[in-house]
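One structure is given below, encoded as structure tokens.
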Ligand SMILES: [Zn+2]
């Protein structure tokens, strides 16, 4: 009798006990910050999982993960391009493990519509229709930029949160669809900061200066590689104070703001580029990265 009762208890417990999840599913999580993804959002992707390495792909861009400073998570700084279509997107993430092989933890990420404005601008005519003698220069500069953007450091070079390059609020200008002189349409892929000519511009985070020279549209331009495909670009300087190849830390002076290149007046144009995608610089400044790295 005792044995039968014991057997019944065992059967009942087996029937009603919650089915144990396989350990690897329960232990993994993917968190995106900010949680609401829109076209132009930089996203801190945090994967909590035991793995030897992690990689992924999102919207055609390769995601490269590194370990957080507490070694508990795999981290990537990524984002959805300013022109990314809204709707569901597939983010593929693969854990490479010794004991379980490759584990796919892909997810569907909803990209919400961003409501960017439309504006008009009037600039000098040679920047809308560059004269024939400038075309060669523009072509060479575009090759140079492509080379720079193809050779990002294989480790993250940034530390802690990003800081504003000038002590001013950015104007609400990222993503604006712009008509130049009523003709050429373009999307504003950076944030404009009010800055009188001569305002010191600082590195927003640590990295390597990979371009520091005059370009046709950008004027005096400084590009910093922060590693793993992440760059910040500062344009229209009146003077450049850094050299290509130089390592900089957050707060180091890059130069003085100005009005060189395609501009309507003195200001700082500051852009964030990740793996070819342009992200909202103001949102990057708001990301708390202090505990990450
Ligand atoms: Zn601008």
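Contact order for the chain, expressed relative to its length and based on alpha carbon pairs under 8 Å spaced 6+ residues apart, stands at 17 percent.
Across all directions, the average flat footprint of the convex hull enclosing the Cα atoms of the range 236-293 is 5.6 nm².
Compare 249, 220, 102 in a GNM of the chain, Cα atoms joined below 10 Å, and give the one with the largest fluctuation. Its mean-square fluctuation being the largest, the pick is 102. The antiparallel fraction among DSSP beta bridges confined to the chain stands at about 90%.
Hey, what does the equivalent ellipsoid look like for the chain, semi-axes from the Cα gyration tensor as sqrt of 5 times each eigenvalue, largest first, whole Å? Semi-axes, largest first: 47, 20, 16 Å. Hull volume per residue, based on the alpha-carbon atoms of the range 129-283 and their convex hull, is 107 Å³. Entry note, the range 190-293: relative contact order of 34 percent, from Cα contacts under 8 Å with a spacing of 6+ residues. Computed from Cα positions, the angle between helix 2-16 and the longest principal axis of the chain comes to roughly 20 degrees.
Angle, helix 132-149 long axis vs. longest principal axis of the chain, Cα atoms, 0 to 90°, nearest 10? Taking Cα atoms only, the helix is inclined about 30 degrees. Using every pair of distinct Cα positions in the range 96-159, the Kirkwood expression returns a hydrodynamic radius of 18.2 angstrom. The range 47-79 and the range 221-281 have Cα centres separated by 26 Å. Largest mean-square fluctuation among 243, 129, 67, in a Gaussian network model of the chain whose springs join Cα atoms under 10 Å apart, belongs to 129.
Between 167, 200, 132, find the one with the highest GNM mean-square fluctuation for the chain; connect C-alpha pairs within less than 10 Å. Taking springs between Cα atoms under 10 Å, the residue moving most is 132. In percent, rounded to a whole number, the relative contact order of the range 61-112 is 27, using alpha-carbon pairs under 8 Å and six or more apart.
Since every read-out is calculated from the coordinates, none of them should be taken as a lab result. Please read all numbers here as calculations on a predicted model, not as lab measurements.
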